[in-house]
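Here's the structure we're looking at; comments come further down.
The values are calculated or read from the model by the stated rules, or taken from the named source; none is laboratory data. As the structure is a prediction and not an experimental result, all values here were calculated from the model. Every residue, glycine among them, receives a Cβ derived from its backbone with ideal geometry; neighbour counts consider all protein chains shown. The area values use the complete protein model at the heavy-atom level, side chains included, leaving out ligands, DNA and RNA. Shrake-Rupley method; radii C 1.70, N 1.55, O 1.52, S 1.80 Å.
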Amino acid sequence: MKTVRERPHRLDPAKYRGEVTAAFTVCVRAHSQAFLSHTVVRPMVECLSAMSAAHRCYVPIYCFMPDHLHVMLAGIDERADLLEAMYQFKHRSAMWMVRTKQPFRWQKDFYDHIIRASEDWRAHATYISLNPVRAGIAEDPFDYPFTGSIGTDLQEVILGWW
């Protein structure tokens, strides 16, 4: 019988360090509707805030959709570590889910995209902000209660693009 090995699919961890920006998408197992109330989202945002600060990042935008999270992390200096911030966020928030007996868990992995210097990160942020509108759960991205930013002003992030 042939052994199946998981192939590494992350870039070199050094690519996530320093003054770089990356977009991450983290899904809930079985597409469970996890992020429907402030009771759940508020502790997630607190954890995201703590982990981004601990790893020298800020969050231009996050958007907790019912069954997944879109988040951008941006390094504030050469010591920033976006990948470690995301790993620690997932770990700490998963511990909260277990401790508070939530009926949902994160999927094992996540999707990420390092935004190149030639790309405009604000276009990615705008795309993230429009997720609730595309999903039909909000008419205006600024009305969706589970979109925000940490360490910057969300309106400046989005409207600065237009």
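For this structure, a couple of remarks:
Rundown of residues vs (1) of a type in the set (Phe, Trp, Tyr); (2) touching a Gly at 6+ places or on another chain (Cβ under 9 Å); (3) more than 18 Å from Arg116 (Cα to Cα), yes/no style:
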residue: Ser37; (1), (2), (3): no, no, yes
residue: Leu48; (1), (2), (3): no, no, yes
residue: Val59; (1), (2), (3): no, yes, no
residue: Pro66; (1), (2), (3): no, no, yes
residue: Val71; (1), (2), (3): no, no, no
residue: Met86; (1), (2), (3): no, no, yes
residue: Phe89; (1), (2), (3): yes, no, yes
residue: Ser93; (1), (2), (3): no, no, yes
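- Filtered by the rule that a residue be assigned to a helix (DSSP H, G or I), under 16 Å from Leu69 (Cα atoms) and open to solvent by less than 70 Å² (accessible area, probe 1.4 Å), region 114-148 gives His124, Ala125, Thr126, Ile128, Ser129, Asn131, Pro132, Val133, Pro141.
- The one condition in (1) more than 22 Å from Ala125 (Cα to Cα); (2) among the hydrophobic types (A, V, I, L, M, F, W, C); (3) in contact (Cβ under 8 Å) with a residue 40 or more places away in the chain that Ala14 fails to fulfil: (3)
Yes/no matrix, rows are residues, columns are (1) without any contact (Cβ under 8 Å) to a residue 24 or more places away in the chain; (2) in contact with a helix residue (DSSP H, G or I) (Cβ under 8 Å, 6 or more places away or on another chain):
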position: Ser49; (1), (2): no, no
position: Ala54; (1), (2): no, yes
position: Asp81; (1), (2): no, yes
position: Glu84; (1), (2): no, yes
position: Tyr87; (1), (2): yes, no
position: Ala123; (1), (2): no, no
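- Qualifying strands (runs of 3 or more DSSP E) (wholly inside region 1-113; at least 1 residues being surrounded by fewer than 19 Cβ atoms within 10 Å (Cβ to Cβ) and of a type outside the set (Gly, Ala, Ser)): 21-27, 57-65
- Candidates Gly136, Gly151, filtered to the one that is touching a residue at least 40 places away in the same chain (Cβ under 8 Å) and either on the phi > 0 side of the Ramachandran plot or touching a Gly at 6+ places or on another chain (Cβ under 6 Å) (or both): Gly151
- Qualifying position, being at pLDDT below 90 and either at positive phi or β-branched (Val, Ile, Thr) (or both), among Ile114, Ile158, Ile128: Ile158
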